[in-house]
């Protein structure tokens, strides 16, 4: 571990929280994770044991109360995000929080106000901005490599729908899944959307339809700079996680392919093939 | 030339007419092109000389009057298609006609009635149905290789806008260009469209906007079988003609890549690359 | 058929002869094939009937005797090539002959002398020089796009071994198959080979080994300009005809991929794949 | 850091030693690197400071003398490998050592004897066996996915020649670079080589020729199981590190592509391209 490290606390030890615990303890040498909180005390203890985190607690305020903790990662359930952001900001902690901040605008505004007043850093978990593929597309736009952008197309499919219990509280496909693509669209084009039209359906799982949600959709976007964009979403792609973007500009186009587990190509009398990505949905 | 051949006449000796003349005389041994007509008599004569067609005429009726001619190819201007189809059918000729039949439905219905009454064959020039790539996608749908189709995406870009004189009479981008994609969408999915929504813009050439037309567009389609489709059109792709399709089904996906002039890949310190298609728009 | 055409005769109506008959009658409008000869008179007659060739004969000299025939295509058995080239040259005909001219150098020299004395054109059927992929590689070398060439690698696999009767008279794999790759190596590099080393084996069909032949081999070439090359040959590739080349130069590299029947890519839980080339061996 | 970790020492703090220091301290949580040795004491101290390693020493025997160190990584100069392996084994340490053990067989045998007597683990740094691409090829062979292997082709190019001082002591290209490919060939085929033939040249840098070494070569291998293999080596590939393998078997073939920094593809009027690997030689 490097001499200079950031003392951190983790709030939420569920699926995403444990991923953060693993990254903070074994892949980010400059992070020093010293406490984990989860309302389910047992979950906090198990996480602490597995990742050698010194302290565990059922009360996230115990994390905020420690003066030696400089920053927190919030991976608790969505309905707690806004409140914990607010309290963490008031406690002077820098914050990384999973998306979304909240499902209503007033809670979001209140949380952002608290962050601004406290002068702390806040980052929301829009991870794709750090993906090498999307970064390269953004770079191409920013540096004018393809000229003025005209048409944007985002493909974003999950391998399988999330558990039905998650779907009941997620806010629906547009809020829990398309939110990444909305972020990507604005990130890539560098302009705001002024018109939006969406068409959805439920061809994958009727249970999803019974919840009043859709399991596939196409969203049409018109940007203030004239670009027209489409987002294609599906809760189910048989070949795994599929995340691609295409962007046509006046002087050329850029598009990304998916990543694969290896670059081996097999040929026989039936096909010329590679192995599909075997990703779980995020 | 094979012993068994079909005696044919060509009506229209403009750009597309000359392409048909070349194919009929040098690439389709079973066709025997014996007469070419063009209102511009000089164009008919030049075409006849270049492709060794025995007879040339300024009057397309001279083609229809020859009893030895069994079939005609119509490549004259759009506004003459419906009338010539009708007359050719009445003359008992089989017909291949360039798209579209007409720009209004009543003319189309009248032409189709004449064809039905005469009992002749009529084919409209939707050439992509015979392209190896699109055929393979259609085969995958028809044979259930990807399961129930969910999402369709068609990319269709021309390298450059056609001449402005053509645009003035073409009926607009949706009628002269998207018509191919509308045909493809129905061909690939095997279902009819019940809802359509389109967003267009003019970012390529303001002259096109001044005509009341668009030069780029996204069309959203909902099919009666539940499939949601998108068509992306642009009058300008710097890298040449771009014609691709993606189709996500329940059990897998199929998509096509463009064709290229060769399969050579060059690598140096700047890139790993192949040569772009150098196609002219069709 | 264009006004200006070349009157031609075909000698040999076997497998390759019929391919030439088809090309000359239906794909090359400027060729006018008027006579076909085959020692098996019946084969000549059938070929003439199928491709509407006016005259058939069991005697190739009948082709050479016709003063209106300007050029001949020789696709008869290998042991007759040199003699027919000589006689055709003496008759003042231009000549296209399938490879090889002969299996011994003195016969080749005698045939070439006759061609030179008669001042006619002679082309041997090294078809790959006209393949878009190999041409692009040659162009890259000739134009200095990859700098000074260093290492050449040629892959040349047939789907399956030819019939054993053919193998008995073909002269062996190096003469009937590698001959194309030897031609390619010299064509691509533009330099002569001064050292050669080969390693062969029979892992595909022991019958081939019993003939004293090999069914797979690697040939190492050293060119006078310093380039080192390898040729990989196999009589059997389960995925079809495989013809590729890689060339590393000082400033970059160029390599070719195979051609495929279409550009459709299918993805499912098992693989991301395209269809293999379904080529028959040439 | 996990509760259970392996206490380790590092011997050699040069280029490769520092890479091991980084991996052991930040990417392998179960490793606990507590001491670094380098004959240049200053290098050991700098390395210790940068990677927060508790102890630094100019004497590698200080590492071997510590009873709490369970395993050592040897990344010192090649001429010291055999001796340090021997001493480390005698001290009861498990060993990871960079290739090669030595340049003469008797030193190698003596080192291996010491390891066997001590009953410790020894691993040599043939890293490619752990590369996802090569592993997939090995798996295909081992599981019979392509049937009986027939032809193997290994491409192994470095971006640029190593420093001339390194070349003077490396033992030559075959020993310092091809050694990886010799290992790969045996690993992939699972059989030993009984015949070898090589052709080398110096077309990249005459200084290398003046040392009696080559800077490009092709090595032909015959395996006891009948497989024929080729290795292509070059000290210079303008597009970066190039490491690929192709394997033709009776029932199919498998080959690998290089890895790339991202999966973005740019198209314009000049090319359809991706960015080359920007690898430094290993």
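The values are calculated or read from the model by the stated rules, or taken from the named source; none is laboratory data. The model shown is predicted, which means the values in this text are computed figures rather than measured ones. Reconstructed Cβ throughout: ideal geometry from the backbone, glycine too, with neighbour counts over all protein chains shown.
The figures follow:
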read-out	value
Residue satisfying all of: in segment D:17-40; at pLDDT below 95 and part of a helix (DSSP H, G or I); nearest to the chain's Cα centre (by Cα) among these	D:23
Breaking point among (1) touching a strand residue (DSSP E or B) at 6+ places or on another chain (Cβ under 7 Å); (2) at pLDDT below 95, for residue A:171	(1)
Some residue of segment C:79-98 being in a loop (DSSP other than H, G, I, E, B), under 27 Å from residue C:168 (Cα atoms) and touching a strand residue (DSSP E or B) at 6+ places or on another chain (Cβ under 9 Å)	yes
Any chance residue B:8 is within 25 Å of residue C:22 (Cβ to Cβ) and modelled with pLDDT under 95	no
Pick from segment B:195-222, criterion touching a helix residue (DSSP H, G or I) at 6+ places or on another chain (Cβ under 7 Å) and in a helix (DSSP H, G or I), ranking: farthest from the other protein chains (Cβ to nearest Cβ)	B:207
Residue satisfying condition, being surrounded by fewer than 19 Cβ atoms within 10 Å (Cβ to Cβ) and in contact with a helix residue (DSSP H, G or I) (Cβ under 6 Å, 6 or more places away or on another chain), within set D:102, D:91, D:111	D:91
Residue count, segment B:239-268 (criterion: more than 8 Å from every other protein chain (Cβ to nearest Cβ) and in a loop (DSSP other than H, G, I, E, B))	1
Residues that are surrounded by fewer than 19 Cβ atoms within 10 Å (Cβ to Cβ) and more than 14 Å from chain D (Cβ to nearest Cβ), drawn from segment A:148-169	A:160, A:162, A:163, A:164, A:165, A:166, A:168, A:169
Residue identified as in contact (Cβ under 8 Å) with a residue 12 or more places away in the chain and farther than 30 Å from residue B:5 by Cα among C:74, C:95, C:16, C:69	C:95
Residue selected from segment B:223-238 under the condition over 20 Å from the mean Cα position of the chain (by Cα) and either buried (at least 18 other Cβ atoms within 10 Å of the Cβ) or over 18 Å from residue B:150 (Cβ atoms) (or both), by the criterion farthest from the other protein chains (Cβ to nearest Cβ)	B:223
Positions within segment A:125-163 being assigned to a loop (DSSP other than H, G, I, E, B) and closer than 27 Å to residue D:271 by Cα, in sequence order	A:131, A:143, A:144, A:145, A:146, A:147, A:148
Candidate set from segment D:30-39 (those that are within 13 Å of residue D:75 (Cβ to Cβ) and away from chain A (no Cβ under 14 Å)); member that is surrounded by the fewest Cβ atoms within 10 Å (Cβ to Cβ)	D:39
Some residue of segment D:174-186 being within 8 Å of another protein chain (Cβ to nearest Cβ) and touching a residue at least 12 places away in the same chain (Cβ under 8 Å)	no
Hits in segment C:170-188 (condition: buried (at least 21 other Cβ atoms within 10 Å of the Cβ), in contact with a helix residue (DSSP H, G or I) (Cβ under 9 Å, 6 or more places away or on another chain) and more than 19 Å from residue C:235 (Cβ to Cβ))	C:188
Some residue of segment A:269-279 being farther than 30 Å from residue D:275 by Cα, in a loop (DSSP other than H, G, I, E, B) and touching a helix residue (DSSP H, G or I) at 6+ places or on another chain (Cβ under 8 Å)	no
Any chance residue C:67 is surrounded by fewer than 19 Cβ atoms within 10 Å (Cβ to Cβ), modelled with pLDDT of 95 or more and in a helix (DSSP H, G or I)	no
Single unsatisfied condition, residue C:100 versus (1) at pLDDT below 95; (2) within 24 Å of residue D:239 (Cα to Cα)	(2)
Unmet requirement for residue D:145, which otherwise passes all of (1) facing another protein chain (nearest Cβ under 8 Å); (2) within 30 Å of residue D:275 (Cβ to Cβ); (3) in contact (Cβ under 8 Å) with a residue 60 or more places away in the chain; (4) in contact with a helix residue (DSSP H, G or I) (Cβ under 8 Å, 6 or more places away or on another chain)	(2)
Qualifying residues in segment A:45-64 (those that are modelled with pLDDT of 95 or more and assigned to a loop (DSSP other than H, G, I, E, B)) - the one surrounded by the fewest Cβ atoms within 10 Å (Cβ to Cβ)	A:54
Hey, residue C:233 in contact with a strand residue (DSSP E or B) (Cβ under 9 Å, 6 or more places away or on another chain) and farther than 24 Å from residue C:163 by Cα or not	no
Output for segment D:223-238, where each listed residue is touching a helix residue (DSSP H, G or I) at 6+ places or on another chain (Cβ under 7 Å) and either part of a strand (DSSP E or B) or modelled with pLDDT under 95 (or both)	D:223, D:229, D:231, D:233
Yes/no for residue D:136 being surrounded by 19 or more Cβ atoms within 10 Å (Cβ to Cβ) and out of contact with any helix residue (DSSP H, G or I) (no Cβ under 7 Å at 6 or more places or on another chain)	yes
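This table checks each residue for (1) buried (at least 18 other Cβ atoms within 10 Å of the Cβ); (2) closer than 17 Å to residue A:65 by Cα; (3) in contact with a strand residue (DSSP E or B) (Cβ under 6 Å, 6 or more places away or on another chain).
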position: A:4; (1), (2), (3): no, no, no
position: A:7; (1), (2), (3): no, yes, yes
position: A:11; (1), (2), (3): yes, yes, yes
position: A:15; (1), (2), (3): no, no, no
position: A:19; (1), (2), (3): no, no, no
position: A:23; (1), (2), (3): no, no, no
position: A:28; (1), (2), (3): no, no, no
position: A:43; (1), (2), (3): yes, no, no
